1. Based on the alpha-carbon gyration tensor of the range 9-50 and its eigenvalue square roots a ≥ b ≥ c, which shape applies: rounded if a/c is under 1.5, prolate if not and a/b is larger than b/c, or oblate?
2. Amide H of Leu42 versus every other amide H placed in the peptide plane: which residues, excluding those fewer than 5 positions away on the same chain, fall under 5 Å?
3. Between Val91 and Arg76, what length comes free when the chain is fully extended (0.36 nm per residue of separation minus the Cα-Cα distance, one decimal in nm)?
4. For the range 1-80, what does the alpha-carbon gyration tensor say about shape, rounded, prolate or oblate, given a ≥ b ≥ c as the root eigenvalues, a/c under 1.5 as rounded, and a/b over b/c as prolate?
5. Could you work out the relative contact order of the chain? I mean the mean sequence separation of Cα pairs under 8 Å and 6+ apart, divided by the number of residues, in percent.
6. If we sort 20-31, 61-72 on the protection proxy, mean other Cβ atoms within 10 Å, highest first, what's the order?
7. Give me, ordered by chain and number, the residues 5 or more places off Arg106 or on other chains with an amide H under 5 Å from its own placed amide H.
8. Could you give the spread of the C-alpha atoms of the chain along their three principal axes, from largest to smallest, in whole angstroms?
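Throughout, read-outs are computed from the coordinates displayed, never taken from laboratory work. Since we're looking at a predicted model, the values are computed, not measured. Ideal geometry is used to build each Cβ from the backbone, glycine not excepted, and the neighbour counts take in all protein chains shown.
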Amino acid sequence: MVHMFLNGGGMKGGNLHHLIGGAPFLGAATTLPIYRLHSVPLDGAADDHPALEHTGLGDGAAIQGELYDIDFTVLRTSLLPAEPPDLELGVVGLADGTEALGMRLRDSAADLPGLVDITEYGSWRAYKTAKGESP
């Protein structure tokens, strides 16, 4: 089992939540303020998914998500194959001083056309709700 920070479709109510195989919910979680949050288009669809970008100290914000205890087999066979190509598995620093695995924007995707910085919303849910859409 591994702690996994989710901040998009894998969260409760999200379109990918079923892929985490009933993993135990450990609670709401917030990142260290070293990330930017982006809305990423995919195949012509705006706002397809969120992406955390590690920016380092001084240029980021705390981003909200959820923490789960995910089995490695579920991670390898179910969740990771469903992730878009602009994201990669990495370590995410959390506000409580711990770390968890999480999906992050690949460095090579930082200049992806149509990428929208939504950091000011603090979470994918808040961004989608502000647009009148379901997260």
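1. oblate
2. Under 5 Å from the amide H of Leu42 lie the amide H atoms of Asp48, each far enough along the sequence or on another chain.
3. Here the answer is 3.8 nm.
4. Oblate shape, in that a/c is at least 1.5 and b/c is the bigger or equal ratio.
5. 32
6. Ranking, from highest mean packing down: 61-72, 20-31.
7. Amide H neighbours of Arg106: Leu87, Glu88.
8. 34, 33, 30
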